[in-house]
1. Go through the stretch 86-113 and give me each residue that's in a loop (DSSP other than H, G, I, E, B) and surrounded by fewer than 10 Cβ atoms within 10 Å (Cβ to Cβ).
2. If you check residue 76 against the conditions, is it at pLDDT 90 or above, open to solvent by less than 100 Å² (accessible area, probe 1.4 Å) and in contact with a Lys or Arg (Cβ under 8 Å, 6 or more places away or on another chain)?
3. Looking only at the stretch 114-129, count every residue that is polar (S, T, N, Q) and in a loop (DSSP other than H, G, I, E, B) and tell me the total.
4. Quick one: is residue 66 surrounded by 10 or more Cβ atoms within 10 Å (Cβ to Cβ), within 21 Å of the chain's Cα centre (by Cα) and modelled with pLDDT of 75 or more?
5. What is the number of the single condition among (1) farther than 30 Å from residue 58 by Cα; (2) under 25 Å from the mean Cα position of the chain (by Cα) that residue 105 does not meet?
Amino acid sequence: MAAMGRKQVIAMATNLMRRVLTRPPSSSSSSSFVGSGSGRRNLSGGVVNSEIITSHTDKWMQDTSKKSPMQLINEVPPIKVEGRIVACEGDTNPALGHPIEFICLDKEEPAVCKYCGLRFVQDHGSHHH
């Protein structure tokens, strides 16, 4: 692969991802090929399939020295805000955030952002009249 140009490698990876992402679930037993001519490689033998993804996830989750993303986000205490509605964007930098979500804080328990998992509560002690 070192002899291939960068554009060829990117095109090959793009084509592979298109095939993987657009393949109907029922066709998992049919062959998928990468490349052209005599250099074609069959990927249906388990190289790219749900078993590989599942085993990768299982392996990652078995590493108990690392916390899961949900464990990390749950360590962030609920954010106290004034008012009944909060707008969550996930990060102050729009490039690192997510689509804006307006969250209603009428309930007593913390409201959770569906994108990033941050929790918000209404700060009842900061009303200034």
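1. Of everything in the stretch 86-113, those that are in a loop (DSSP other than H, G, I, E, B) and surrounded by fewer than 10 Cβ atoms within 10 Å (Cβ to Cβ) turn out to be 92, 93, 95, 96, 99, 106, 107, 108, 109.
2. For residue 76, the condition - at pLDDT 90 or above, open to solvent by less than 100 Å² (accessible area, probe 1.4 Å) and in contact with a Lys or Arg (Cβ under 8 Å, 6 or more places away or on another chain) - is met.
3. So the answer is 0.
4. For residue 66, the condition - surrounded by 10 or more Cβ atoms within 10 Å (Cβ to Cβ), within 21 Å of the chain's Cα centre (by Cα) and modelled with pLDDT of 75 or more - is met.
5. (2)
The values are calculated or read from the model by the stated rules, or taken from the named source; none is laboratory data. These figures come from a predicted structure and were not determined experimentally. Quick reminder, even Gly has a Cβ in these numbers, built from the backbone with ideal geometry, and neighbours come from all protein chains shown. Each accessible area value is taken on the protein alone, full model and side chains, heavy atoms only, with ligands, DNA and RNA left out. Shrake-Rupley method; radii C 1.70, N 1.55, O 1.52, S 1.80 Å.
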